[in-house]
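What follows is a short report on a single structure.
The values are calculated or read from the model by the stated rules, or taken from the named source; none is laboratory data. No experiment lies behind these values; they were computed from the predicted model shown. All Cβ positions, glycine included, derive from the backbone under ideal geometry; neighbour counts span all protein chains shown. What goes into the accessible areas is simple: the full protein's heavy atoms, side chains included, and nothing from ligands, DNA or RNA. Shrake-Rupley method; radii C 1.70, N 1.55, O 1.52, S 1.80 Å.
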Amino acid sequence: QVQLVESGGGSVQAGGSLRLSCAASGIIFSISDMDWYRQAPGKQREWVAQITSDTSTHYADSVKGRFTISRDNAKNTVYLQMDSLKAEDTAVYYCKYRRVIVDYWGKGTLVTVSS
């Protein structure tokens, strides 16, 4: 079955960096587009970034220039490098995989940015 496991969250001061990882299993990772989403306290889940199977990348305006999504097909892992973090980046971060019309989500990893 599909399994997505995020890691790398933690607490950091504003201006700092974190790198999130999402290890995938049960999918053909190399041909899969992968997304990162986040959900801040009291807010709806929002899309953050996507990397396609051909390594094209796309970002939400709120993180463009600060976050970098990448992938390692040999490790079935997608990464989110987060730099110049702001207090408003505080959220639970999720990776997502879509198979046809079904979305699969990990359990998330919490990122807390203190100002």
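Tabulated data for the structure shown
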| read-out | value |
| --- | --- |
| Members of region 79-96 that are surrounded by fewer than 13 Cβ atoms within 10 Å (Cβ to Cβ) and among the hydrophobic types (A, V, I, L, M, F, W, C) | Ala87 |
| Matching residues in region 9-36 - criterion: being open to solvent by 50 Å² or more (accessible area, probe 1.4 Å) and of a type in the set (S, T, N, Q) | Ser11, Gln13, Ser17, Ser30 |
| Hits in region 97-115 - residues which are crowded, with 19+ Cβ neighbours inside 10 Å and not small (Gly, Ala, Ser) | Tyr97, Thr109, Val111, Val113 |
| Residues of region 45-78 classified as buried (at least 18 other Cβ atoms within 10 Å of the Cβ) and of a type in the set (Val, Ile, Thr), total | 6 |
| When residues of region 1-31 are limited to those that are touching a Ser or Thr at 6+ places or on another chain (Cβ under 7 Å) and at pLDDT below 95, the one nearest to Arg99 (Cα to Cα) | Ile31 |
| Residue satisfying condition, being among the acidic types (Asp, Glu) and in a strand (DSSP E or B), within set Asp54, Asp35 | Asp35 |
| Test: residue in region 37-44 that is farther than 28 Å from Gln13 by Cα, open to solvent by 40 Å² or more (accessible area, probe 1.4 Å) and more than 13 Å from the chain's Cα centre (by Cα) | no |
